[in-house]
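Just below is one structure, and these are the notes that go with it.
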Amino acid sequence: MQVNESRTNANVKANIEAEAWHSLEKSILYYQKQPVGTLAAVDPSVEALNYDQCFIRDFVSSALVFLIKGRTDIVKNFLEATLKLQPKQKDLNPYKPGRGLIPASFKVVTNHGEEHLEADFGEHAIARVTPVDSCLWWLILLRAYVVSTNDYDLVYRPDFQTGIRLILDICLANRFDMYPTILVPDGACMIDRRMGIYGHPLEIQVLFFAALRAARELLVCEGNEDIVEAIDHRLPLLCGHIREHYWIDINRLSDIYRFKSEEYGKTAVNLFNIYADSLPYYNLDKWLPRKGGYFAGNVGPSQLDTRFFTLGNLMAVICDLATKTQAQAVMNLIEKRWEDLVGDMPIKICFPALENEEYRVVTGCDPKNIPWSYHNAGNWPVLMWMLAAAAVKTGRVSMAQEAIEIAQSRLSEDQWPEYYDGKKGRLIGKQARKYQTWTIAGYLLSQEMIENPDSLSLVSFDKLLPQGAFKACKLEFST
């Protein structure tokens with residue numbers, strides 16, 4: 001009986017994977033007969049809007065699956081195509097994208113029988129927010145491509161060295177800020193609507209850390225010594241800042257609870273002037289396991305956002321921003337608060353939701369971000385691959401396997417929705433698209449991470465790319 005049941009389960013899994021691969025293949029975007037990315041969604045039941053574009057952040061999960069399966073051509077084409085869309089010249093018009101930005105998305109447009117790529121840097125997006133994470137994901141993906149293919153010739157090309165340099169010129173520019181983190185507005189990352197994450201949101205800081213590490217391995221041209229020196233200076237400061245000031249566990253919470261405010265000078269302990277009454281201590285005291293912990297969503301002047309943001313915490317584990325002890329504490333928290341964070345469809349984008357007056361004030365009464373929906377604590381299956389990668393990294397594979405088992409049959413039955421709503425993720429998202437590509441790719445990638453643990457090297461830094469002397473290659477602009 002058990003043998004037959006095992007065979008049935010294996011057949012069901014194989015059928016779901018085959019369906020997922022078929023849907024992923026249908027999503028591939030072609031430009032001049034070459035694959036250059038994947039459409040955000042292929043949902044025939046609704047108007048495409050901007051879901052017929054290739055989003056940089058969305059494509060990452062698809063790209064990693066393609067790299068694992070040896071489909072490296074599509075990733076190379078994507079990297080080359082998006083690099084060509086990067087503005088290389090300064091433009092004094094503040095309504096134009098700045099030099100070095102990678103677009104949020106692009107689409108193939110045909111004029112007079114000729115195809116060309118049209119980029120969107122946020123000009124057409126809701127609220128017109130320019131993405132910060134596109135540049136960072138692009139660097140992380142470029143390194144993943146080199147790890148997978150050993151195609152150093154691509155990254156050594158002057159146009160790629162120039163592109164990396166331009167991104168870092170933006171990230172490391174002098175600014176009105178005195179922290180090693182990046183100051184960004186609401187909506188500049190995966191949470192692309194007003195959610196009170198303006199300032200120094202965890203997601204961007206972790207991606208910034210990973211992107212700096214990737215760039216440090218990829219910058220090899222003479223003329224980039226100064227930017228490499230800047231990276232070497234910034235990385236330990238950024239790492240130490242996040243590990244110390246963003247970390248929350250029961251001991252740290254107890255320390256913060258006893259902070260004095262309005263401290264002045266270099267001897268101040270409460271550096272950010274956090275007011276005790278602004279934090280939900282009673283709820284956190286009940287929710288935090290004794291051996292669990294996580295990185296806060298945001299830290300800034302009188303601000304400690306104690307919401308748990310999944311992408312930032314899992315990527316902190318994957319890219320070694322978290323210490324080994326912190327990484328295990330994050331996984332302990334997810335395990336102990338499984339019903340809250342994983343529920344019936346892995347995994348919540350953040351927890352808890354903004355509700356009542358806080359929801360109305362912070363989101364502006366956003367009807368898509370009602371409590372426990374969309375980016376306000378909705379469940380996003382794409383995040384499963386990060387859970388799987390973090391589980392492999394920390395030796396907690398059974399957690400990821402359980403999450404995949406929860407998700408797989410329902411995802412197929414529900415036609416691969418973009419997100420799920422409700423406190424446990426039981427409802428298909430109110431405005432979720434079906435056949436969402438990064439849902440499909442996230443599921444496939446989570447399976448690959450479990451079955452092929454070596455694939456973790458694409459997004460972790462356990463094995464560094466070989467470093468050598470700077471090469472005599474010419475940059476395409478004057479630094």
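The values are calculated or read from the model by the stated rules, or taken from the named source; none is laboratory data. This is a predicted model, so every value here is computed, not measured. Positions of Cβ are generated from backbone atoms using ideal geometry, with glycine treated the same way; all protein chains shown enter the neighbour counts. With ligands, DNA and RNA removed, areas are computed over all heavy atoms of the protein, side chains included. Shrake-Rupley method; radii C 1.70, N 1.55, O 1.52, S 1.80 Å.
Couple of notes before you dig in:
- Å² per residue, accessible surface of the chain at 1.4 Å: 44
- Over the chain, DSSP H runs of length four or greater, each weighted -39,500 (n - 2.57), average out per residue to a 222 nm ellipticity of -14000 deg cm²/dmol.
- For the stretch 120-158 and the stretch 96-119, distance of Cα centres in Å: 14
- Of the solvent-accessible surface of the stretch 1-132, computed with a 1.4 Å probe over protein heavy atoms with every protein chain present, carbon and sulfur atoms account for 51 percent.
- Compared with the direct C-alpha span, the chain from Glu217 to Glu339 gains 40.0 nm at full extension, assuming 0.36 nm per residue.
- Three-way shape label, the stretch 341-479, alpha-carbon gyration tensor, a/c 1.5: oblate
- Taking all protein chains together and a 1.4 Å probe, the residues Ile126, Ile227 rank Ile126, Ile227 from largest to smallest accessible area.
- Between Lys266 and Glu357, the FRET efficiency estimated from the beta carbon spacing at R0 = 35 angstrom works out to 0.40.
- Accessible area of Arg360 in the full protein assembly, 1.4 Å probe (Å², nearest 10): 110
- Share of pairwise Cα-Cα distances greater than 19 Å in the stretch 244-348 is 44 percent (whole percent).
- Rounded to 5, the percent of DSSP beta bridges in the chain classed as antiparallel: 95
- Shape of the chain, Cα gyration tensor, a/c cut at 1.5: rounded
- Neighbours of Glu448 by Cβ distance under 15 Å: Lys/Arg scored +1, Asp/Glu scored -1, total +1.
- Portion, in percent, of the accessible area of the stretch 274-385 that falls on carbon or sulfur, probe 1.4 Å: 52
- Exposure ranking of Trp380, Trp438, Trp21 by accessible area [1.4 Å probe, largest first]: Trp21, Trp438, Trp380
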